[in-house]
Structures are given as C-alpha cells and as structure tokens.
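Notes follow once the structure below has been shown.
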Amino acid sequence: MTDENEYRFGTRAVHAGQQPDPTTGAIMTPIYQTSTYAQEGIGVHKGHEYARVSNPTRTALEGNVAALEGAAHGAAFASGVAAIEAMVKLLSAGDHVICGSNVYGGTDRLFRQVLARLGLEFSFVDTREPKRIADAVTDRTRIVLVETPTNPMMHLTDIAAAAEIAHQAGAWLVVDNTFATPYFQKPLALGADAVVHSSTKYLNGHSDVVGGIVLTSDDEIIEGLRFLQKSAGAVPGPMDCWLVLRGTKTLHVRMEMHDANGRRIAEWLQHEPRVEAIFYAGLPTHPQHALAKKQMTGFGGMISIELSSRERAEAFLRGTRIFTLAESLGGVESLISHPAAMTHAAVPKEDREAMGITDGLVRLSVGIEDVEDLIEDLDRALPK
Ligand code: P1T
C-alpha cells in the first residue's frame, strides 16, 4: 500500500506498512530473522546494516501502527516500559516531567526508582483536572505524560486541554493509548505530540508477545528515538514484530467485540448489589462520561470494580473459571487481576489508596468470548 492515509481504519490495519515481499512475492511480511546484512562495499547496502538499527519486519510494524494512529513515524521497542523509557530519555538531567498520578505501576516504578536517580525530575499530578497540569509546570518541564483511560481507575484526561497546556509550557504531550487503542482514540489528532503503547496488550491481542511502540509526526522526536534504538538498543526481535503485525490486522474486529462485551458486562455489574462501585468510562454514571464521548469512539473491555475488602476480592478472584487470574490485559481471553497486589504493588500504599487502588479493587480485562458465558462466570464467582 503506498498512500495509506487515503484508506479507512480496517484497510490500514490489514495493509499499511506492508507490501508483497520484493524477492519472492510473499503476501505476508517475512520474519527477517537476521542480525546483519551483506554489504557490497563499505557502506553499500540495500538499506539495512545491522538489526539493532533496522529490520524489515520491524519497519513494517512501525509503518503499520503509525498509519493506525495517524502518525508519520513509529519506533518499536522491546516492551511498553522500554518505549516509555526511550521517550523520556530524549530529555537531559535536570529536566522535569509531569506524569499522571494514576499510571501503570511499572511506569511509576521506572520514573521514581530508575530515571529519578539519573537526575530527571518527576511530578505526579491528578490530570483529570487540566489546571493541575498547569500548576505543576516549571521552567524545566519538557514532557507531560498521561494515560487515558488510566490503569486501573479509568480516569480520563482531556487530551486537547492537556496538549494546549503542555505546548504553552514548551513541553511535549505524550499519551499512553494502550487501553483505548487507536481504534477508539486518536491522541495525535487531538494535539498530542507522541503516543506510546504497550503492544503486549490490544495491538498484539493474543498474549504471546511483550512489546512497545511510540508513534509521532514530530521530526525531532522520531530522530531522537531512532538514535536511541541504535544507541541504547531496547529493540524488539523480528519474530515479536511479526506477531504484533499479525495482531494489528484484526485490531478493529477484536476491539468491536471487546467493546460490545465490555459494555454488556459493565451494565450488568452496575445493577449488581454485590458490587460496591464500578469504573468504566462507557457508563453514563462515570463522572467523566461526557469527556469519554467527546474524545473516544468506544470504551473497550477494561473494567474495574470495588468489592470493599481484600477477602471479598480474593474470593471473587478464586471463583472465576473463564476469567483467569493473571497480570496483563488486552488479549482475546478474559483476565482478572488485583491491582494493589499485582500491577500497582510498586506504587507507595498511600498514593495507591489516594487514587482508589484499594485492597478491594479488582480489574477485569474482558475478552472476546461469548458474553453470556462471561456474565455467568462473574455471577457464579461474586461473593455474597
Ligand atoms: O508490560 P509492558 O509491555 O512493558 O507495558 C507496560 C505498560 C505500559 N502502559 C500501560 C497502560 C500498561 O498497562 C502497561 C503494562 N500493564 C500491565 C502489565 C498490566 O497488567 O496492567
């Protein structure tokens, strides 16, 4: 496919970034399982020198996801946290990052326990209220990073408002779009400078890869990221790129199903007296539902519920048969997890509880199984 922007989402998902293999005509992009490439003379080659710098399978994946996010460029990394780290490593010691107070626990850990040691400064701010971002800006602020919806509380940030504040401060707005995916939310079109993903999740969709990717149309950002792929080397292998590329071909189909199942289950849970509270941006009772409808076109399959105690949460987690207790999300199969003890265990307890990640909180990643089976599974497992 040559002019990708001419086509709609599903067509781009299947084709963008790829063309039949020039040597064999293979329709599917081959897994170029090689670390290096022959040179005819010094510096005379077919566009690839060494696989840390570039690999055709990775290039196809980067082009594909860039087309889905409406970006000019993509840079793939070995994991979601590696992608986030690369983005922040564009900065220098003394620079300041404003990060949403509720982000994936591993992002929080990377910032507080690794990058802060190297001289970057971080402020954690509840970005549901854009003014709090403006209040946290310093003359060294270079990046504002938000997840929307957040993991696991489903808090939203007004992307357009956050972009305006970041730009006034001379900073980039980076949006972690892992939960919504480009099928339901396009941060770059709303003013963000870069989007990051854990491609481990919905982009791949089959829970068999760990990966990350950054998408941007900003030349300075992509040049910096390419330099970091080469210089710091946290790049994904060709097999993993190929698996994610296979996954993105069905992203639009899977997301429709995650969304339909997610809505049905959220509505069912909402009327369930054994559930104390439910967090899902697609419900009219969500405090930011109006913003959700404004900047998202669907709400997906991530739902959190409050069951009021660790005992009730544990009974529920033990009781499901289809929903499997595991870290991660976004695969075709339904998973269930306990954020306080699992994904967000590294976040200080006071901070965790301040944002609602209590011992009674349970997170569901609703898969694409038959929704009646999923509801029966939850019904059977919910404690009295
Ligand atoms: O696991 P990794 O591919 O490194 O991605 C990190 C990451 C980044 N951003 C968000 C929003 C995420 O949810 C994650 C990873 N999250 C889990 C493993 C989880 O179970 O929540």
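A few remarks follow.
- When residues of segment 165-191 are limited to those that are within 28 Å of residue 237 (Cα to Cα), aliphatic (A, V, I, L, M) and away from the ligand (no atom under 11 Å from the Cβ), the one surrounded by the most Cβ atoms within 10 Å (Cβ to Cβ): 174
- Screening segment 242-332 for helices (runs of 4 or more DSSP H) wholly inside it with 2 or more residues that are crowded, with 17+ Cβ neighbours inside 10 Å and touching a Ser or Thr at 6+ places or on another chain (Cβ under 8 Å) returns the ranges 251-270.
- Only one entry of 76, 162 meets the criterion of being in contact (Cβ under 8 Å) with a residue 60 or more places away in the chain, buried (at least 24 other Cβ atoms within 10 Å of the Cβ), within 30 Å of residue 294 (Cα to Cα) and assigned by TED's automatic domain parsing to the domain that holds residue 19, and that entry is 76.
- For segment 101-152, filtering for residues that are acidic (Asp, Glu), in a loop (DSSP other than H, G, I, E, B), closer than 27 Å to residue 183 by Cα and out of contact with any helix residue (DSSP H, G or I) (no Cβ under 7 Å at 6 or more places or on another chain) leaves 1.
- Flag if residue 83 is outside any strand (DSSP E or B) and crowded, with 24+ Cβ neighbours inside 10 Å: yes
- For segment 33-46, residues that are open to solvent by less than 60 Å² (accessible area, probe 1.4 Å) and either more than 30 Å from the chain's Cα centre (by Cα) or of a type in the set (A, V, I, L, M, F, W, C) (or both) total 3.
- When segment 192-209 is limited to residues that are within 11 Å of the ligand (Cβ to nearest atom) and over 12 Å from the mean Cα position of the chain (by Cα), the one that is least open to solvent (accessible area, probe 1.4 Å) turns out to be 209.
- Of residues in segment 223-238 being open to solvent by 10 Å² or more (accessible area, probe 1.4 Å) and closer than 24 Å to residue 186 by Cβ, the one nearest to the ligand (Cβ to nearest atom): 236
- Scope segment 333-381; condition in contact with an Asp or Glu (Cβ under 9 Å, 6 or more places away or on another chain), open to solvent by 20 Å² or more (accessible area, probe 1.4 Å) and of a type in the set (Val, Ile, Thr); matching residues: 358, 368
- Residue that is farthest from residue 101 (Cα to Cα), among those in segment 132-146 that are open to solvent by 10 Å² or more (accessible area, probe 1.4 Å) and in contact (Cβ under 8 Å) with a residue 12 or more places away in the chain: 140
The values are calculated or read from the model by the stated rules, or taken from the named source; none is laboratory data. All values reported here derive from a predicted model rather than from experimental measurement. FYI the Cβ positions are ideal-geometry reconstructions off the backbone, even for glycines, and counts take in every protein chain you see. With ligands, DNA and RNA removed, areas are computed over all heavy atoms of the protein, side chains included. Shrake-Rupley method; radii C 1.70, N 1.55, O 1.52, S 1.80 Å.
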